[in-house]
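S.K.: I am attaching a structure below and will ask some questions about it afterwards.
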Amino acid sequence: MTILAIDIGGTKLAAGRVSGDRQITERCEMPTPASKTPEALAEALRQLVQPLLPGATRVAVASTGIIHDGILTSINPANLGGLARFPLVETLSRITGLPCVALNDAQAAALAEYYALCAPVPVMVFITVSTGVGGGIVSGGKLLTGEGGLAGHIGHTLADPHGPRCGCGRIGCVEAIASGRGIAAAARGDLQGLDAKTIFARAQQGHMQATELITHSALTLARLIADVKAVTDCECVVIGGSVGLAEGYLAQVKAFLAEEPQAYQTALHEACFRHDAGLLGAALWAEGAMP
Ligand code: ADP
Ligand code: BMX
Ligand code: ZN
């Protein structure tokens, strides 16, 4: 059985063919269209999956946004070019002619990373620090999606009541500060208008403001992890996303978490499947969710 897995993020679209032994055999990537129309996203997805279709028997999608009944609804529309509501499963079934399932990207990655653990644990939390900040919780061997698909959206918890307004409408969300977009939005002077990837590169060169922006993100994430520990009593937290996996980032988060009281400590790891956790998690979901 070959599953065509797709990962829709706020910055990039990725797709791969996942074989029966859970290996990604082919992989493609393209930027997420900046346009606000559903047609633009549908066309980008068509181009992305076309070369991977031969031999695939089903489609599995991990996508940014709340996924409920196959519909993608943005909690933070700013992360998806303003696209608020998109018929994800219907669109991909039409494009591919194959049965399709979909779930949130961080929830999918949580599932893949849970199966990658050396031994099962009662509670594991996955956090992606990427365009946004997303999360997925596996408890008692089950992925929590919630009735409406909102479970795990920990990027929209409060980090700073005096912080910037988040695209979700709240003020001072973790995502508005710690995410790639949050880092870029806070940049001033010669860093203004640069993306998080470039700001990380500047920090490597010793740029003081760039270093401070990244440190502030890492501190915000460490505080979120302490909160997550208090809520879930998780055994470990796994970090993914291009910001989360950037060189030196997790080390900073670990250092800030170590300053919190003992009760809030938890083991922190980088995602074992790195940037492919969403793709593999979607494929696992398809194996379990479809006959
Ligand atoms: P998506 O959100 O589409 O899943 P990513 O996980 O790649 O995609 O996250 C995108 C964010 O990560 C952007 O803000 C981008 O600037 C930033 N980014 C991409 N590559 C790197 C890198 N090597 N180091 C730090 N930040 C990065
Ligand atoms: C946002 C939200 C989450 C998502 C998270 C990470 C939207 C469009 N997305 O909080 O559903 O899991 O970003 O998404 O509202 P990514 O694009 O950074 O991978
Ligand atoms: Zn928010």
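S.K.: Looking at the range 156-179 only, could you name the residues that are of a type outside the set (A, V, I, L, M), touching a residue at least 12 places away in the same chain (Cβ under 8 Å) and either more than 9 Å from ligand 3 (Cβ to nearest atom) or within 18 Å of L111 (Cβ to Cβ) (or both)?
M.R.: Listed by number, the residues that qualify are D160, G163, P164, S179.
S.K.: Would you check which residues across the range 259-273 are of a type in the set (A, V, I, L, M), over 24 Å from the mean Cα position of the chain (by Cα) and not in a helix (DSSP H, G or I) and list them?
M.R.: none
S.K.: So if I check each of F200, F256, which one is part of a helix (DSSP H, G or I), under 21 Å from T64 (Cβ atoms) and more than 16 Å from the chain's Cα centre (by Cα)?
M.R.: Of the residues listed, the single one that is part of a helix (DSSP H, G or I), under 21 Å from T64 (Cβ atoms) and more than 16 Å from the chain's Cα centre (by Cα) is F200.
S.K.: Related question: Would you tally the residues in the range 154-183 being within 16 Å of ligand 1 (Cβ to nearest atom) and out of contact with any Lys or Arg (no Cβ under 9 Å at 6 or more places or on another chain)?
M.R.: So the count comes out to 11.
S.K.: With respect to the numbered conditions (1) surrounded by 15 or more Cβ atoms within 10 Å (Cβ to Cβ); (2) of a type in the set (D, E, K, R); (3) in contact (Cβ under 8 Å) with a residue 60 or more places away in the chain, which one is the sole condition not fulfilled by D233?
M.R.: Failed condition: (1).
S.K.: For the range 3-70, which fully contained strands (runs of 3 or more DSSP E) count at least 3 residues that are without any contact (Cβ under 8 Å) to a residue 24 or more places away in the chain?
M.R.: In the range 3-70, the matching strands (runs of 3 or more DSSP E) lie at 24-31.
S.K.: When the range 237-291 is examined, which residues are found to be surrounded by 20 or more Cβ atoms within 10 Å (Cβ to Cβ) and on the phi > 0 side of the Ramachandran plot?
M.R.: Across the range 237-291, the qualifying residue is only G241.
S.K.: Restricting the search to the range 31-50, which residues are at pLDDT 95 or above, more than 16 Å from ligand 1 (Cβ to nearest atom) and not hydrophobic (A, V, I, L, M, F, W, C)?
M.R.: E43, R46, Q47, Q50
S.K.: Only one of V123, V138 is in contact with a Cys (Cβ under 7 Å, 6 or more places away or on another chain), more than 16 Å from ligand 3 (Cβ to nearest atom) and in contact (Cβ under 8 Å) with a residue 24 or more places away in the chain. Can you tell me which?
M.R.: V123 is the lone residue from the list that is in contact with a Cys (Cβ under 7 Å, 6 or more places away or on another chain), more than 16 Å from ligand 3 (Cβ to nearest atom) and in contact (Cβ under 8 Å) with a residue 24 or more places away in the chain.
S.K.: Still on this structure: Would you be able to tell me the number of residues in the range 17-35 that are within 16 Å of ligand 2 (Cβ to nearest atom) and within 18 Å of A286 (Cα to Cα)?
M.R.: 0
The values are calculated or read from the model by the stated rules, or taken from the named source; none is laboratory data. Everything numeric here is computed off the predicted structure, so don't read it as measured data. Every residue, glycine among them, receives a Cβ derived from its backbone with ideal geometry; neighbour counts consider all protein chains shown.
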